[in-house]
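Read through the structure below, which is laid out as structure tokens, and then see the notes.
The values are calculated or read from the model by the stated rules, or taken from the named source; none is laboratory data. Quantities reported herein were computed from a predicted structural model and do not represent experimental measurements. Cβ placement follows ideal geometry from the backbone for every residue including glycine, while neighbour counts extend to all protein chains displayed.
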């Protein structure tokens, strides 16, 4: 197993919550100076986030606190507790593995359910990223209504700079700006009005880092940080 694979596995366990307190503290400290691990954790957080939407909030009953106090009063002595914990350690580890498996199955179920909710033809999506562990922006395109939506995922804010979205295609010559990506993203019904379906579908979408407010020349002047291709949103 490569070092990157090992970090990806640790990141998944960190997000799922299957690490013990000491391991979790170590990973939390390590991600501060390990960009690969930090990107892997962000990737798993984004991947597993849909699970949160399937769980309704629960309000504890008024009797819960009293029940906790009664259980604390009835705890065994320190020596007895150590023996019990030792006996149950293996079961806890097995439960952690089972929890991870259940979470993975739930994620698959959510994905399948969403695939069956097929959007109308003409809808496309793209993930703009630097590499497979760095999703920066999510783009949605509706060619039927000529609308474009861009939502930031994990692109860090750049003080004094702006991210700008570009349409790149041999059919249109130089890259064309589709707008500056604000903190809340882009929602536009005009950005794609000048381009035919074939051009948009085959184009590459790119994000460059420009002076605040966007390029002053109408052309790409800063580094291109993220790219992606549109794919049909229908299953």
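Computed values, structure above
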quantity: Within the range 130-143, considering residues that are at pLDDT 85 or above and over 11 Å from the mean Cα position of the chain (by Cα), the one surrounded by the most Cβ atoms within 10 Å (Cβ to Cβ); calculated: 141
quantity: Residue within the range 172-182 that is surrounded by 12 or more Cβ atoms within 10 Å (Cβ to Cβ) and either in a loop (DSSP other than H, G, I, E, B) or in contact (Cβ under 8 Å) with a residue 60 or more places away in the chain (or both) present; calculated: yes
quantity: Count of residues meeting criterion [out of contact with any strand residue (DSSP E or B) (no Cβ under 7 Å at 6 or more places or on another chain) and either farther than 13 Å from residue 219 by Cα or outside the structural domain of residue 223 (by TED's automatic domain parsing) (or both)] in the range 173-182; calculated: 1
quantity: Within the range 148-168, tally of residues that are in contact with a strand residue (DSSP E or B) (Cβ under 7 Å, 6 or more places away or on another chain) and modelled with pLDDT under 90; calculated: 9
